[in-house]
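Visitor: I am attaching a structure below and will ask some questions about it afterwards.
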Amino acid sequence: MDRFKANIKKNDISTFLSVIITGLIAHGYIFTHNIILHDNTYNFYLGATYPFGRWMIEVVTRITNLINGQYVHFSTPLYLGVLSLIYIAVAAVIIERLFDVKSPLFGVLIGAMMVSFPMVTSLMGFMFMSAINMFGMLLSIIGSAIIIKYRKWYAYIGGVIILACGAGIYQAYICTFICMFLIYFFFEVYKCQEENFLKWFFIRVLYYGGACIAALVSYLAIMKFFLWHYHTELSDYQGMSSAASTTISQYIDRIIKAYTEFFTPVKDTTRNMYQGGNYGLYRITILIVIFLGCFVIGKTFKKKEFKKAVCLLLLFLIIPLGVNFIYVMCDVNVHSVMMYAEVFFFIFAMLLMDTIRSDDEIGGKCQSILYGFLAFVILSMVILNCRFSNTAYLRGEYIQNAGIEYFNRMVTRIESVDGYDPNLFVAFVGDPVPDQNLFAYPEFGSYINVYPFSLPTVIYNYNWHTFMKATVGYNPPTVDLDYLKDSSAVDSMPCYPSDGSVRIIEDVVVVKFQ
């Protein structure tokens, strides 16, 4: 408690600066480049709100609009990017203090891993919502820290409300506070000296479990209020509206998937946070954590504290489920922006090593070797994460340029058709399909697979009309194919970009994609 309340210490400063410096190395590229892909194409808002269950974004939107004096949000990379780094830095310092990290190096690495994790890279591709999203993560950290450290009823209620607000920004941060509670509880159990251990243990289970349930209930209640107030319903996005109908067997399947993805993350998916060389380093980290966990639990058994050892083992086995709890929450298209809780596995690894070092239970040389090896593995992952981020942003810029040129050529074809007049309506039939002549660097294909840095997020995407307007400046009056009295002539047209795929039919410019 004293450590948590203390004034700013050297470790706090080094942890904070680690996030800022590493963040600039990892993400400075996109802070100075306006890369607009996927949802970020139309970026004059903070993000989807109450129809997507993210009611807190509506609250923040109204507050910021009131402060700004205008009802519009701008995707300003440098401003929002640095603000995101500050939120992550504050969260890292809270974690470093909450767990009383003794090693300055681990304090630095916790911050560096939190800011360089590939989920943050993915989030920066959706720059318009980067700061608000990281603010949601910070609320989850603050709320859980309050509940953990301040054992007062009013602090408990306040912490629960803050947790609900974090989930109200992005539901994936439910996994964040679950991880916070699980990891802190593990070390609480390890250090517990209560005579009636089981009674103490179950009271703690009710305390932390109750906080999770109360936060979820509060989140759902406020979401229901917003839906009622605005006379709308929950969107079907990611299966949100049907979550209540999920069966027990389906939840069991999801739990199995969570463990499977923890030990063997499926490659070539956007949810895989360990691409390139980091896949092997991640597997090494798992082995280190298993060794450290076995040491801690074995030490407890050796002291004949069998009840404590069993509880430690149980929590140790649940932590992988906690970091991958998103698979339990959502079984529809789990992707990179949802995966931040996985960073807590590496935090747990460093906290385990830090605890063992402070207890001085392993011989000096062996302890130093293991400590140095874990630090080397985490540092290597941070460096590779930074390289990954910069490569992803480079690919994003190439993709954006390719998209601009694609639509430039298409507009040129439209305006070159015989009889073209700028006052004519344009009918786009279908959506753009892959162009075999569109160049994509093959070197990126085997290395970068994270939203939104891929061609489908520009050309073959629901938002391609907006991308075309924003980058090429072409915004013609459009109509549906139903506008034509006789659309049979369209059936004989080839698909774009073949000759004849752009024609004027009944004074309408028809561009046939599909």
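Visitor: Of 180, 25, 444, whose Cα points farthest to the positive end of the dipole of the chain (charges on the beta-carbon: +1 Lys, Arg; -1 Asp, Glu; origin at the Cα centre)?
Guide: Ranked along the dipole, the leading option is 180.
Visitor: Express the accessible area of segment 315-433 per residue in Å², computed with a 1.4 Å probe while the remaining protein chains stay in the model. Please report the intermediate quantities before stating the final value.
Guide: On the way: 4480 Å² over 119 residues.
With the other protein chains kept in place, segment 315-433 gives 38 Å² per residue.
Visitor: Also, quick follow-up: Between residue 478 and residues 5 or more places away or on another chain, which pairs have amide H atoms under 5 Å apart, with H built 1.01 Å from N, and which residues are they?
Guide: So residue 478 has HN proximity to 426.
Visitor: Using only helices, what value at 222 nm comes out for the chain when you add -39,500 (n - 2.57) per DSSP H run of length 4 or more and divide by the total residues, to the nearest 500 deg cm²/dmol?
Guide: Numbers: 19 runs with 320 residues, N = 514.
The helix contribution divided over the chain gives -21000 deg cm²/dmol.
Visitor: Here's a follow-up. With a cut-off of at most 12 other beta carbons within 10 Å, and DSSP calling the residue loop, which trypsin sites (Lys or Arg not before Pro) in segment 114-180 qualify? Please list them. Could the numbers behind the result be given before it?
Guide: Numbers: sites: 149, 151, 152; in loops: 151, 152.
For trypsin sites (Lys or Arg not before Pro) across segment 114-180 that sit outside H, G, I, E and B with at most 12 neighbouring Cβ atoms in 10 Å, the list reads 151, 152.
Visitor: Longer than 23 Å from Cα to Cα, which of 9/152; 102/191; 199/303; 191/303; 485/512 are they? Say none if no pair is. Numbers along the way, then the final one.
Guide: On the way: 9/152 26 Å; 102/191 16 Å; 199/303 20 Å; 191/303 13 Å; 485/512 17 Å.
Listed pairs above 23 Å: 9/152.
Visitor: Let me ask you something else. Rounded, prolate or oblate, given the Cα gyration tensor of segment 244-388, with a/c below 1.5 counting as rounded?
Guide: Working: a/c = 3.02, a/b = 1.30, b/c = 2.33.
Because a/c hits 1.5 or more and a/b fails to exceed b/c, segment 244-388 counts as oblate.
Visitor: Now, a different point. Can you classify segment 304-414 as rounded, prolate or oblate using the Cα gyration tensor, where a ≥ b ≥ c are the square roots of its eigenvalues, rounded means a/c under 1.5, and otherwise it's prolate if a/b beats b/c and oblate if not? Each step should come with its number before you reach the end.
Guide: Details: a/c = 7.76, a/b = 2.09, b/c = 3.71.
In terms of gyration-tensor shape, oblate.
Visitor: Taking only protein heavy atoms and a 1.4 Å probe, what accessible area per residue, in Å², does segment 117-267 have with all protein chains in place? Could the numbers behind the result be given before it?
Guide: Values: 6710 Å² over 151 residues.
Solvent-accessible surface per residue comes out at 44 Å².
Visitor: Explain nothing, just compute: Karplus ³J(HN,Hα) = 6.51 cos²θ - 1.76 cosθ + 1.60, θ = phi - 60°, for every residue of segment 36-49 in order, whole Hz, x for Gly and Pro.
Guide: Result, rounded to whole Hz: 10, 10, 6, 4, 5, 5, 9, 10, 8, 7, 7, x, 4, 10.
Visitor: Give me the accessible area of residue 97, 1.4 Å probe, in Å² rounded to the nearest 10.
Guide: The value for residue 97 is about 30 Å².
Visitor: Then there is this: Putting +1 on Lys and Arg Cβ atoms and -1 on Asp and Glu Cβ atoms, find which of 15, 101, 68 reaches farthest to the positive end of the dipole of segment 1-120.
Guide: 101
Visitor: Which shape class applies to segment 140-229: rounded if a/c is under 1.5, otherwise prolate when a/b exceeds b/c and oblate if not, where a ≥ b ≥ c are the square roots of the Cα gyration tensor eigenvalues?
Guide: prolate
Visitor: List the relative contact order of segment 24-85 as a percent without decimals, with contacts defined as Cα pairs under 8 Å and 6+ residues apart.
Guide: Numbers: 39 pairs, mean separation 26.9, N = 62.
Computed over segment 24-85, the figure is 43 percent.
Visitor: Follow-up. Give the carbon-plus-sulfur fraction of the accessible surface of segment 68-146 in %, rounded to a whole number; probe 1.4 Å, heavy atoms of protein chains only. The partial results should precede the final answer.
Guide: Details: 1480 of 2010 Å².
Carbon plus sulfur share of accessible area: 73 percent.
Visitor: Next up: What number, in percent, do you get for the relative contact order of the chain if the mean sequence gap of Cα pairs under 8 Å and at least 6 apart is divided by its residue count? Can you show the working numbers first?
Guide: Details: 697 pairs, mean separation 98.1, N = 514.
This gives 19 percent for the chain.
Visitor: A follow-up question, please. So which lysines can residue 267 reach, going by Cα to Cα under 26 Å and dropping same-chain residues fewer than 8 places off?
Guide: 257
Visitor: Keeping all protein chains in place and using 1.4 angstrom, which order do 457, 391 fall into by accessible surface area, from largest down? Write down the numbers at each step before the final one.
Guide: Working: 457 5, 391 30 Å².
Largest accessible area first, the list is 391, 457.
The values are calculated or read from the model by the stated rules, or taken from the named source; none is laboratory data. Predicted model only: the values in this text are computed from it and were never measured. Virtual Cβ from ideal backbone geometry, glycine too; neighbours counted across all protein chains shown. Heavy atoms of the whole protein, side chains included, go into the accessibility calculation; ligands, DNA and RNA do not. Shrake-Rupley method; radii C 1.70, N 1.55, O 1.52, S 1.80 Å.
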